[in-house]
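Undergrad: Just dropping this structure here.
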Amino acid sequence: MPEMPEVEQVRKTLAPHIEGKTITAVEVYLDRLIKYPSPQKFVEGLLGKTISHVGRKGKYLVLTTDKEQRLIVHLRMTGALLAQSSDAPEPAYAKIKFMLTDGVTMWFTDIRTFGTLYLVTNGDTYIEGYETLGPEPLSAGFTPDYLAPLAQKSRKAVKSFILDQRIIAGLGNIYADECLALSGILPMRAANTLTRQEIDALCAAVNAVIAQGIKNRGTTFRDYKDGEGNKGDNQNHLLVYGRGGKPCKSCGQALSTTKVGGRGTVYCAQCQK
């Protein structure tokens, strides 16, 4: 599933192509992707609206289409928003077509069709998961002083704790493994056993790992592409994720694999304590 760096890369590459463009037509090929309102009202609500800003909140893309209207998109596992010339061929797995002025078409494509789209006008619906997002990495609100008291109250494994979107917005399985490897913390440890020094190291690692992911245009193992259809490069810079059984880049010991909270997890039993 695309995480914060991937969704940020989509935002950055999509914005120059669609900001300032007006939506002239919308074609929905798969109705169930539209979670609110009805597909018909979704189309009617967007017609004639101008995309003034492409933003992001956690793993959600937020397109401002009117003063009090937002098109909110969650890519889920294999969703993508692509901008291309209107005379270009329809991309594979196209599910929604947004025709814009100046010869631009924005496509929502999705192989496994788990993506979700909401058109929110004057706050007329509640999106579970979106409304309760915690602070993002690299933001002023994400600090050791913020994280420490929450960790002290949690008996969850630290990996499950940092994957909770109410605690940290935008972090997913790939970057959780990377953050814990960089900070030298065992993923299975209970969050309430972390010392203040470890909390400081974890916060610094989260920021560093997310910044690296953004710099490298996201991580592509299979399906992820940005708003221009390009793959990321961060998969070539990972410490542990996807490297189970391979040598640790710090000590050379073979990396271990397990499951934490039902999620596949890779770690170094020598370096992570």
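Undergrad: Looking at the stretch 120-128, can you tell me whether even one residue there is surrounded by 13 or more Cβ atoms within 10 Å (Cβ to Cβ), under 19 Å from T24 (Cβ atoms) and touching a helix residue (DSSP H, G or I) at 6+ places or on another chain (Cβ under 8 Å)?
TA: no
Undergrad: Going through the stretch 16-47 one residue at a time, which ones are of a type outside the set (S, T, N, Q) and without any contact (Cβ under 8 Å) to a residue 60 or more places away in the chain?
TA: Filtering the stretch 16-47 for residues of a type outside the set (S, T, N, Q) gives 16-21, 23, 25-37, 39, 41-47.
Passing the criteria: P16, E19, G20, D31, P39, V43, E44, L47.
Undergrad: Being assigned to a loop (DSSP other than H, G, I, E, B) and more than 24 Å from the chain's Cα centre (by Cα) narrows it down to one of E44, E90, so name that one.
TA: E90
Undergrad: Considering each of M99, M1 in turn, give the residue that is part of a strand (DSSP E or B), touching a residue at least 60 places away in the same chain (Cβ under 8 Å) and aliphatic (A, V, I, L, M).
TA: Details: M1 fails: part of a strand (DSSP E or B).
Every option except M99 fails the conditions.
Undergrad: Shifting gears a bit: Would you call R70 open to solvent by 10 Å² or more (accessible area, probe 1.4 Å), in a strand (DSSP E or B), at pLDDT 95 or above and of a type outside the set (S, T, N, Q)?
TA: yes
Undergrad: Return the only residue of T64, T113 being under 26 Å from T132 (Cβ atoms), outside any strand (DSSP E or B) and among the polar types (S, T, N, Q).
TA: Numbers: T64 fails: outside any strand (DSSP E or B).
Sole residue among the options that is under 26 Å from T132 (Cβ atoms), outside any strand (DSSP E or B) and among the polar types (S, T, N, Q): T113.
Undergrad: Right, something else. Output the residues belonging to the stretch 232-273 that are within 20 Å of F161 (Cα to Cα), assigned to a loop (DSSP other than H, G, I, E, B) and free of Cβ contacts under 8 Å to residues at least 12 places away in the same chain.
TA: The answer is G262, and nothing else.
Undergrad: Sticking with this structure for a sec: Quick one: which of D177, D164, D200 is touching a residue at least 24 places away in the same chain (Cβ under 8 Å), under 30 Å from E68 (Cα atoms) and of a type in the set (D, E)? Give the derivation first.
TA: Numbers: D177 fails: under 30 Å from E68 (Cα atoms); D200 fails: under 30 Å from E68 (Cα atoms).
Among D177, D164, D200, only D164 is touching a residue at least 24 places away in the same chain (Cβ under 8 Å), under 30 Å from E68 (Cα atoms) and of a type in the set (D, E).
Undergrad: Output the residues belonging to the stretch 218-230 that are touching a helix residue (DSSP H, G or I) at 6+ places or on another chain (Cβ under 9 Å), of a type outside the set (G, A, S) and within 15 Å of L82 (Cα to Cα).
TA: Once the filter is applied, which keeps residues that are touching a helix residue (DSSP H, G or I) at 6+ places or on another chain (Cβ under 9 Å), of a type outside the set (G, A, S) and within 15 Å of L82 (Cα to Cα), the stretch 218-230 yields Y224, K225, D226, E228, N230.
Undergrad: Among the helices (runs of 4 or more DSSP H) confined wholly to the stretch 144-231, which include 2 or more residues that are open to solvent by 20 Å² or more (accessible area, probe 1.4 Å) and of a type in the set (D, E, K, R)? Walk me through how you get there before you give the answer.
TA: Values: elements: 144-152, 158-163, 173-183, 196-215.
In the stretch 144-231, the matching helices (runs of 4 or more DSSP H) lie at 196-215.
The values are calculated or read from the model by the stated rules, or taken from the named source; none is laboratory data. It should be emphasised that the depicted structure is a prediction, and the values quoted were computed from it without experimental measurement. No Cβ is skipped: glycine too gets one built from the backbone with ideal geometry, and neighbour counts run over all protein chains shown. All accessible areas refer to the heavy atoms of the entire protein, side chains included, with ligands and DNA or RNA removed. Shrake-Rupley method; radii C 1.70, N 1.55, O 1.52, S 1.80 Å.
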